[in-house]
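For reference, the structure discussed in these notes is given below.
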Amino acid sequence: MATERWPTAKCRVLVVVSITLTLLVTLAVTLSSSGTLAHRDAAYDDSPPECMVAFDRGLAIGAPRQTYGGKTYCAYEGIPYVQPPVGKLRFEDPQPFHFEGVRLFQNVSNACPQAYDAPAHMDKLETSEDCLYLNVYTGNGVANGTLWPVLLWIHGGSFVVGSSETDIFGPEFLVEKGIIVVTFNYRLAALGFLSIPDLGINANLGLLDQLEALRWIARNAIHFGGDAARVTLCGWSAGAASVTYHLYSPVAKGLFHNAIIMSGSMTQSWAYAFDPYRCGREFLRTLDATTREQLQSRPLNQIIPMELAYQIHFFSLYYYCFLPTDDSYRPEPELRIVGRDPFARVRTRPPESDVPLLVGYTTLEHGNLFHEREFAHTSPNFPNDNVTVHTLLEDYLDQRAMANRSTSRRRFYQELSSVADIIYGIQYFIRHAATHKRAPIYRYQFAYDGAFGYAKHWYYRNDIVRPDLPGPMHGDELGYLFTPYIYRGRRLQDIDGKAYRTERRVQRRMLRLWCNFIKHGNPTPVSSKAANVTNGRRVVRWYPYNDPIPERAHHYLRIDRRIQLLPETDGENPFHREWERVFRCLYEFDCEFLIYGRVQVKVLRQLVHHRALPTATRPERNRKLSKWNRALDERIDSTT
């Protein structure tokens, strides 16, 4: 009898669950329709809400919004992708999270704790240690069987500030082109990049958070209408450096299929800490702590300090020592992302993910900031940390500055540092990656100086010391890919159709190139002869920097009012050549120009006394040191 009654009882339970779920969804939709604005200030569609997705073990309800072109899309904001890293999970590897039940996802989460506040003229970010959430922006009811490619955006901020919403102001233009955009937070500053292995505080937790976001997309993209086999990893500044770390990491292989690297790479002075132990020791000393448990119980305002002792200087630029660093000591291969020396990795090895790359920078970057930019202010965060060599480099550059009759000493250092800060590191990455990669590398330079430039016209507006320099700054290109900052809080009908005509034209071109790359792995795909012509004008074909045909190779696309494919001219810049020599001394131990220059014997003897010693764990460094030490001995013999 019991077995006969069981189907009826089971059906009753299913009916009750179904009715309850329906009531919950109806209640949630009702609440959402009365409490959330579409596209911040725009009104909802009158059409029935379709922003509901079943994934993992539950049902997510998003918010319908409208693009500036009038298309409806769905925003799912504040989705947890790992467990909150609070309490005993502070300083721990990210832990898996499984979503259950019915929930509204219609509000962006708080940002992760920041090392410093935004400039005074900008809104202050609301922060919380419970910050590991992501946002999905997708087509309204993408259910016709066509899966969209996915763009995963990694924000910048020197690994110590920023959030899923900073620097970009909406995904509308990309969503209009049939691309799903995912943004997210990752742990920053000490919470994300402190490294004290002796206490069980492992390096690069922020990068491991990013890896979990990639894995989340691999599992769940299809539920939001996304194609997990067409994921583009895209980042700017520190986010771009993060992309390059994942590019060379075996653990991320297969999780993304294209990469966009904008104004940053792991071969930057500010993207890797060669001495994380100094930073860790100073952190423990400041907090008077000796155990991980003590650090886990300290209030947040002690864990996110702004002490000068944590700063590393590079010319007049400074950054914090909480950076990606060596994680090769970890016994678990799946938790190693960075390795020992990213510069050596790029020089000597191909990336683990040999995928198409789109990589470049703006013409100015930080070139119009700072009055005084002395190399003498630079902290020793290099493989070659010999103090005497550093002193000799200061003297060498001072001599070069005084010998340069075409410019003042101040201008010499401004020009040199503007190359060294960002641009040279990206050029170095491109040049060496191209020798090992088979997949195409598309190189660009963004040169248009327009009203959508958020960095120049808003973020840095009180810091510019050389207004005479034309060109876009660090981050200005983002306004031509994402929603421009001057569109914030405005509807399409509120924007003058005659305004920003040139900006809109540049934006349309840039969107076409970037969207083609996201969809096809090629910014200018050609399917027929007719595709080469648009509105009667011949479209510029963007050939890869590492094109196998020599006549096409080593070109870059210059994006301005006009788009031009131009040959690389890095070596023609005298400041590029000057910094390349110093760079090779600091990062590759090639300092013979100092030995054979006009150096006094007593200085040479100082070099002998302070010569760097080999270490068992760095064979490439040892080889370079042996060559350096032999040359030093020969120079001593010839002068005595």
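Only residues that are in contact (Cβ under 8 Å) with a residue 12 or more places away in the chain, of a type in the set (A, V, I, L, M, F, W, C) and open to solvent by 10 Å² or more (accessible area, probe 1.4 Å) were counted in the stretch 383-418, giving 2.
For every residue, the table says whether it meets (1) modelled with pLDDT under 95; (2) within 19 Å of GLU172 (Cβ to Cβ); (3) of a type in the set (D, E, K, R); (4) surrounded by fewer than 19 Cβ atoms within 10 Å (Cβ to Cβ).
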site: GLY450; (1), (2), (3), (4): no, yes, no, no
site: TYR460; (1), (2), (3), (4): yes, no, no, no
site: VAL465; (1), (2), (3), (4): yes, no, no, yes
site: LEU469; (1), (2), (3), (4): yes, no, no, yes
site: HIS474; (1), (2), (3), (4): no, no, no, no
site: GLU477; (1), (2), (3), (4): no, yes, yes, no
site: GLN493; (1), (2), (3), (4): yes, yes, no, yes
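Report yes if some residue within the stretch 309-320 is in contact (Cβ under 8 Å) with a residue 24 or more places away in the chain, part of a loop (DSSP other than H, G, I, E, B) and surrounded by 20 or more Cβ atoms within 10 Å (Cβ to Cβ); otherwise report no. Checked against the condition, which is being in contact (Cβ under 8 Å) with a residue 24 or more places away in the chain, part of a loop (DSSP other than H, G, I, E, B) and surrounded by 20 or more Cβ atoms within 10 Å (Cβ to Cβ), the stretch 309-320 yields at least one hit. Out of the residues in the stretch 352-381 meeting the condition of being closer than 17 Å to PHE575 by Cβ, modelled with pLDDT of 90 or more and not in a strand (DSSP E or B), tell me which one is farthest from the chain's Cα centre (by Cα). Going through the qualifying residues, I end up with ASN368.
Would you confirm whether or not the stretch 356-363 contains a residue that is buried (at least 22 other Cβ atoms within 10 Å of the Cβ) and in contact with a Cys (Cβ under 6 Å, 6 or more places away or on another chain)? No, the stretch 356-363 contains no residue that is buried (at least 22 other Cβ atoms within 10 Å of the Cβ) and in contact with a Cys (Cβ under 6 Å, 6 or more places away or on another chain).
Kindly indicate the residue of the stretch 321-343 that is open to solvent by 10 Å² or more (accessible area, probe 1.4 Å) and part of a helix (DSSP H, G or I) and also farthest from LEU188 (Cα to Cα) among those meeting that condition. If we take residues in the stretch 321-343 being open to solvent by 10 Å² or more (accessible area, probe 1.4 Å) and part of a helix (DSSP H, G or I), then PRO333 is farthest from LEU188 (Cα to Cα). All conditions in (1) in a helix (DSSP H, G or I); (2) open to solvent by 50 Å² or more (accessible area, probe 1.4 Å); (3) at pLDDT below 55 hold for ARG584, with the sole exception of (3).
Checking the condition more than 18 Å from THR363 (Cβ to Cβ), of a type in the set (A, V, I, L, M) and buried (at least 20 other Cβ atoms within 10 Å of the Cβ), which residue from ALA439, ALA455, ALA433 passes? Result: ALA433 is the single residue among ALA439, ALA455, ALA433 that is more than 18 Å from THR363 (Cβ to Cβ), of a type in the set (A, V, I, L, M) and buried (at least 20 other Cβ atoms within 10 Å of the Cβ).
The values are calculated or read from the model by the stated rules, or taken from the named source; none is laboratory data. As the structure is a prediction and not an experimental result, all values here were calculated from the model. As a convention, Cβ positions derive from the backbone with ideal geometry for all residues, glycine included, and neighbour counts pool all protein chains shown. Remember, those area values only see protein heavy atoms, side chains included, never the ligands or the DNA or RNA. Shrake-Rupley method; radii C 1.70, N 1.55, O 1.52, S 1.80 Å.
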